[in-house]
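Enquirer: Questions regarding the structure given below will be posed in turn.
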Amino acid sequence: MAIRILLVDDHTLFRSGIRLLLQRHPDIDVVGEAVDGLDGVKRALQLRPDVVLMDLNMPGLSGLEAMQLIVQDLPDTAVLMLSVSEEADDLTTALHNGARGYLLKNIEADYLVQSIKRAAAGEPVISESMTAKLVMQLRAGASNPAASAAEPTDKLTARERATMVCIARGQSNKEIARSLEVAESTVKIHVQNLLRKLQLSSRVQIAVYAVEHGLDKSS
């Protein structure tokens, strides 16, 4: 079945662009739109979508407030904040209050589609450029929602350790490939190996793991 999406944003042109983008994918169905937070809550309760794409800053009821109400009443609905804000406080506040993810509006179309699919499957998603900000918040003493029991790092290869360091620095796969002088497909394999060996479920958790175990400053 197609993933049912509700768009909540006060900019009509932006909503129209996202709708046109998502309509190209037969496994995604945009079932409704809302012009502000209050309208978003009402539409979510009516439509019960799988995923809500929610703007952060809107007049009246903010995206954060609307997200909290939706999560409270529809715990099976994943809310992804879609914002221009790159502030770490906005990121951590959204995650701590129930958002399934936090995406920047400048992300690539393919990344948005994949993020929607991952969120619908229950995975947390965060724009890669925000990962480093989350790590900094954790270093400053923020709570760690992604902690996980993991296997010893002595099972990691040198390349996998290097990939982990790059992820903790907030680098994308393309940037990691350039840093390590390998193909991007090779980086993807390293990331999958890290997830499997450390029993983690996302690259955000990899970054958090690296910080917790003092591996994020390796050379």
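Enquirer: Helix 128-139 versus the longest principal axis of the chain: what angle, 0 to 90°, nearest 10, using Cα atoms?
Expert: Compared with the principal axis, the helix lies near 70 degrees.
Enquirer: Between K188 and L21, what is the FRET efficiency for a Förster distance of 25 Å, r being their Cβ-Cβ separation, to the nearest 0.05?
Expert: It comes out at approximately 0.60.
Enquirer: Sticking with this one: Could you pull out every residue, at least 5 positions away or on a different chain, whose amide H is within less than 5 Å of the one on R4? Hs are placed 1.01 Å off N in the peptide plane, and Pro or chain starts have none.
Expert: So R4 has HN proximity to D29, D50, V51.
Enquirer: Using θ = phi - 60° and the Karplus relation 6.51 cos²θ - 1.76 cosθ + 1.60, list the HN-Hα couplings for the range 53-70 in order, rounded to whole Hz, with x at every Gly or Pro.
Expert: For the range 53-70, the Karplus curve yields 8, 10, 5, 7, 9, 9, x, x, 6, 6, x, 5, 5, 5, 4, 4, 5, 5 Hz.
Enquirer: A further question on this structure: Where a ≥ b ≥ c are the square roots of the eigenvalues of the C-alpha gyration tensor, would you call the range 8-82 rounded, which needs a/c under 1.5, or, failing that, prolate if a/b is larger than b/c, or oblate?
Expert: oblate
Enquirer: Pop out the ³J(HN,Hα) list for the range 39-48 in order, Karplus 6.51 cos²θ - 1.76 cosθ + 1.60 with θ = phi - 60°, rounded to Hz; leave Gly and Pro as x.
Expert: 4, x, 5, 4, 5, 4, 5, 6, 8, 6
Enquirer: Which length gain, in nm to one decimal place, applies between D29 and K155 when the Cα-Cα distance is subtracted from 0.36 nm times their residue separation? Don't jump to the answer; show the numbers that get you there.
Expert: Working: separation 126, 0.36 × 126 = 45.36 nm, distance 4.19 nm.
Going from the current span to full extension adds 41.2 nm.
Enquirer: Let me check something: with ligands and nucleic acids excluded, how do K42, K197, K117 order by accessible area (1.4 Å probe), largest to smallest?
Expert: K42, K117, K197
Enquirer: Run the 1.4 Å probe and let me know the accessible area of V84, rounded to the nearest 10 Å².
Expert: The accessible area of V84 comes to roughly 110 Å².
Enquirer: Determine the per residue accessible area of the range 1-76 with all protein chains present and a 1.4 angstrom probe, expressed in square angstrom.
Expert: Working: 3950 Å² over 76 residues.
Heavy-atom accessible area per residue stands at 52 Å².
Enquirer: What size of dipole, in debye to the nearest 20, comes out for the chain about its Cα centre when the only charges are +1 on Lys and Arg C-beta atoms and -1 on Asp and Glu C-beta atoms?
Expert: That gives a dipole near 660 debye.
Enquirer: Per-residue HN-Hα couplings for the range 11-28, Karplus 6.51 cos²θ - 1.76 cosθ + 1.60 at θ = phi - 60°, whole Hz, x for Gly and Pro?
Expert: 9, 4, 5, 5, 4, 4, x, 5, 4, 4, 4, 6, 5, 6, 10, x, 8, 10
Enquirer: Answer with one residue from S62, N97, H25: the one whose Cα lies farthest towards the positive end of the charge dipole of the range 1-107, charges on Cβ with Lys, Arg +1 and Asp, Glu -1.
Expert: H25
Enquirer: Please report the net charge: other residues with Cβ closer than 15 Å to the Cβ of E86, K and R +1, D and E -1.
Expert: Values: positive: K105, K133; negative: D55, E87, D89, D90, E128.
Neighbour charge sum, excluding E86 itself: -3.
Enquirer: Carbon and sulfur atoms: what percent of the 1.4 Å accessible area of the chain do they account for? Present the calculation step by step, with values, prior to reporting the outcome.
Expert: On the way: 5280 of 10650 Å².
In the chain, the share of accessible area belonging to carbon and sulfur is 50 percent.
Enquirer: Give me, ordered by chain and number, the residues 5 or more places off S83 or on other chains with an amide H under 5 Å from its own placed amide H.
Expert: Close amide H contacts, sequence-distant or interchain: L103, L104, K105.
Enquirer: Which residues' amide hydrogens lie under 5 Å from the amide hydrogen of A34, considering only partners 5 or more residues apart or on another chain, with H built in the peptide plane?
Expert: Those lying under 5 Å, H to H, from A34 are L7, V8, D9.
Enquirer: What does the net charge come to around Y111 if you take all other residues with beta carbon closer than 13 Å to its beta carbon, with K and R at +1 and D and E at -1?
Expert: In short, +2.
Enquirer: Under a crude label model (7 Å from the Cα following the beta-carbon direction), how far is Q199 from N57 in nanometres?
Expert: Spacing of the two 7 Å Cα→Cβ label points: 4.2 nm.
Enquirer: Have a look at D29, D50, D110 and tell me which one the Gaussian network model of the chain (Cα, springs below 10 Å) gives the largest fluctuation.
Expert: Comparing D29, D50, D110 in a Gaussian network model of the chain, the most mobile one is D110.
Enquirer: So what's the back-of-envelope 222 nm ellipticity for the chain, counting only DSSP H runs of four-plus at -39500 (n - 2.57) apiece and dividing by all residues, rounded to 500?
Expert: After summing the helix terms and dividing by residue count, I get -15000 deg cm²/dmol.
The values are calculated or read from the model by the stated rules, or taken from the named source; none is laboratory data. Please read these numbers as outputs of a predicted model, since none were measured by experiment. Cβ sites come from the backbone with ideal geometry, for glycine too, and all protein chains shown count toward neighbours. Remember, those area values only see protein heavy atoms, side chains included, never the ligands or the DNA or RNA. Shrake-Rupley method; radii C 1.70, N 1.55, O 1.52, S 1.80 Å.
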